[in-house]
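Since every read-out is calculated from the coordinates, none of them should be taken as a lab result. Keep in mind the model is a prediction, meaning the values are calculated, not measured. Glycine gets a Cβ as well: all are built from the backbone with ideal geometry, and neighbour counts include every protein chain shown.
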Amino acid sequence: MINIADITAAQERISKVVKTTPIFQSRLLNHWLGHEIYFKAECLQRTGAFKLRGAMNVLAKCHERQVLPKKVVANSSGNHAQAVAFAAAQFGIPAHIYCANTISPIKAAATEFYGAQVHQFDTRIEADQAVEAAGKEDGCLWIPPFNHPDIIAGQGTVTLEALQQLEEMNVQPNGVFAPCGGGGLLSGAIVTVRDMIKAGKLDAVEVVGAEPLNANDAARSLQSGFIEVLDGPPDTLADGAATPSVGPHTFEILQSVDDFYEVDEIQIAYWTQWLHHLLKLHIEPTCAMTMAAVAAWIADKPKNQKILVLLSGGNISQASMSKIWQTDYLLQPPIINPDAM
């Protein structure tokens, strides 16, 4: 299992390529909810998502050890694909991406723009089988989207960086919230917060995950104690969390999460609309849904909780945007705390 030293090393390793992303607040949202919400905007990261951190960490670590591969391959629905393509280009390495043909067209186009070849298949299972075979070729490195210690360490730099920024603002968070697909971002958050608490650098902080109800393999896995796999491609607006299952590396860490919420499609669309409106940021439904978990979590908490929300990405297709705006949810403001009025 990785630790904070791995995440700190990853932060140093990737610092020349990965941007330090800003933290945003909405005074109106804080007023409505009666709490302080801090949004870490990885939607403003290069390639438009946090995934670049993990991919860069893997290849930069290979470069450190002078074992760079001749070619890299990856399986991804989009954000990881772009990250691997971009990271491989930094080292002049050819990249091949394997995915289902349900990939967002905008993510596929961006992946090709960064220099990778995209291979599409009818199903995610076929794509996964193809990348496994390609990864066995001589001189080829398979970079998985989440189930790898170096990927998790790279993704953990999102939380580490955000906590460092909050410390500069003299803010001690009570909760850290992240979306969960394969579990890389959430696992990195858990390790970072857990080890910083052990080191006395943080007081008690809860780490909370959110997942689409229609793609709830992680929630089912946490309930059963075993890795559960979705029966088929899920129907969810949160395409970044539509992974068939978590992996052994992430699941080991996810089992120590403090709380976990399943979010329905109406809430995903609702919070995507509201965060676009309030933050003026172009963010994906996958991370917007995390606010539904925040709203549920604060229901029985004292006022003035300080909450860090990891906004994982901002790559949205026109088709997804159309679905999100089928109903106008801006007519009903977010949950209002009467005590805050």
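Give the calculated FRET efficiency between ALA299 and ALA204 to the nearest 0.05, with a Förster radius of 22 Å applied to their Cβ-Cβ distance. Taking R0 as 22 Å, the efficiency between ALA299 and ALA204 is 0.70.
Per-peptide packing, taken as the mean over residues of other Cβ atoms within 10 Å, places 2-15, 225-238 in the sequence 2-15, 225-238 from highest down. Computed over the alpha carbons of the chain, Rg followed by Dmax gives 18.9, 64 Å.
Among beta bridges from DSSP that stay inside the chain, the antiparallel ones total about 10%. Among 307-319, 95-107, the peptide with the highest mean count of other Cβ atoms within 10 Å heads the list, and the full ranking is 307-319, 95-107.
Helices meeting the span-like rule in the chain (full DSSP H runs, Cα extent of at least 18 Å along the helix axis, mean Kyte-Doolittle score of -1.0 or higher): 51-64, 149-168, 184-198, 265-279. Within the shell defined by Cβ-Cβ distances under 12 Å, the residues around SER256 carry a net charge of -4, with Lys and Arg each +1 and Asp and Glu each -1. If a/c stays under 1.5 just call it rounded; otherwise compare a/b with b/c (prolate if a/b is bigger, oblate if not). Do that for the stretch 212-263, with a ≥ b ≥ c from the square roots of the Cα gyration tensor eigenvalues. Prolate, because a/c is 1.5 or more and a/b exceeds b/c. Our helix-only sum for the chain, with -39,500 (n - 2.57) per DSSP H run of n ≥ 4 divided by its residues, gives a mean residue ellipticity at 222 nm of -13000 deg cm²/dmol.
Applying 1/(1 + (r/R0)^6) with R0 = 22 Å to the Cβ-Cβ distance of VAL171 and LEU330, what FRET efficiency is obtained, to the nearest 0.05? Calculated value: 0.15.
When the Cα gyration tensor is reduced to axis lengths a ≥ b ≥ c, the ratio a/c is 1.5 or higher for the stretch 33-185, and with a/b above b/c it is classed as prolate. With the chain treated as a Gaussian network of Cα nodes joined by springs under 10 Å, which of PHE24, PHE146, PHE86 yields the largest mean-square fluctuation? Between PHE24, PHE146, PHE86, it is PHE24 that shows the largest mean-square fluctuation. Charged neighbours of PRO244, selected by a Cβ distance under 10 Å, balance to -3 (K, R count +1; D, E count -1).
The order of the peptides 69-80, 161-172, 44-55 by mean Cβ neighbours within 10 Å, most packed first, is 44-55, 69-80, 161-172. Full extension of the chain between THR20 and ALA89 yields a length gain of 22.8 nm, computed as 0.36 nm times the residue separation minus the alpha carbon distance. Can you pick out the pairs among LYS107/LYS306; LYS19/LYS61; LYS40/LYS71; LYS19/LYS198 whose Cα atoms lie more than 22 Å from each other? In this structure, LYS107/LYS306; LYS40/LYS71; LYS19/LYS198 lie more than 22 Å apart at Cα.
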